[in-house]
Amino acid sequence: GLTKYFGAKILVSDDTYNQIAHPEEYRFRSLGKIKLKGKTKALTIYECLDGDPPAVRAEKLHQLTNFNHAMKYFKDGDFDSARNFFGEILKINPEDQSVVYFQRRSEEYLASDQSKTWQGVEVMVDK
């Protein structure tokens, strides 16, 4: 499923996230809006960092502010700035597969000039 694209141990949709009684007891980061193959409704997905080993989780949390800035640029279609922010994160944490994914997608969008038609939703073409 989606976990392989983002290299995440645990992913939850916004519906699931909103049903968690005490989300503050867990550590999440938003991976933005996606539309699954064959679906019409986009949904926000979150990576639950609590599934990562402690050292990996600590590094992701340390970079969370930069990650959120990069994701805002990505969502807004500023793929050049997103790519640069993701690149800075990868210099510190090259094993963060979600960052690898979004940096690659930023480069692909820049190369294909899709930023002009970008609507803030990552469309997943494979299951």
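Counting Lys and Arg as +1 and Asp and Glu as -1, each charge on the Cβ, what is the dipole of the chain about the Cα centre in debye, to the nearest 20? Mind showing how you got there, number by number?
On the way: 19 positive and 19 negative charges, 80 e Å.
So the magnitude is around 380 debye.
Which GluC sites (Glu not before Pro) from the range 1-104 combine a DSSP loop assignment with at most 15 other Cβ atoms within 10 Å?
Values: sites: E24, E25, E47, E59, E88, E95; in loops: E95.
Sites meeting the loop and neighbour criteria: E95.
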* Mind checking the per residue accessible area of the chain for me, 1.4 Å probe, whole number of Å²? => 59 Å²
* Please report the relative contact order for the chain, taking Cα pairs under 8 Å with a sequence separation of at least 6, and give it as a percent rounded to a whole number. => 29 percent
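Within 10 Å of each candidate Cβ there may be at most 12 other Cβ atoms; applying that plus a DSSP loop requirement, which trypsin sites (Lys or Arg not before Pro) in the range 1-68 survive?
On the way: sites: K4, K9, R27, R29, K33, K35, K37, K39, K41, R57, K60; in loops: K9, R27, K37, K39, K41.
Sparse-neighbourhood loop trypsin sites (Lys or Arg not before Pro): K37, K39, K41.
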* Share of antiparallel DSSP beta bridges in the chain, in percent to the nearest 5? -> 75 percent
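Return the Rg/Rh value of the chain, two decimal places, where both radii are evaluated on C-alpha atoms and Rh is the Kirkwood radius. Write down the numbers at each step before the final one.
Details: Rg = 14.2 Å, Rh = 14.9 Å.
For the chain, the value is 0.95.
The values are calculated or read from the model by the stated rules, or taken from the named source; none is laboratory data. Everything numeric here is computed off the predicted structure, so don't read it as measured data. A quick note on method: Cβ atoms are made from the backbone with ideal geometry, for glycine too, and the neighbour counts reach across all protein chains shown. The area values use the complete protein model at the heavy-atom level, side chains included, leaving out ligands, DNA and RNA. Shrake-Rupley method; radii C 1.70, N 1.55, O 1.52, S 1.80 Å.
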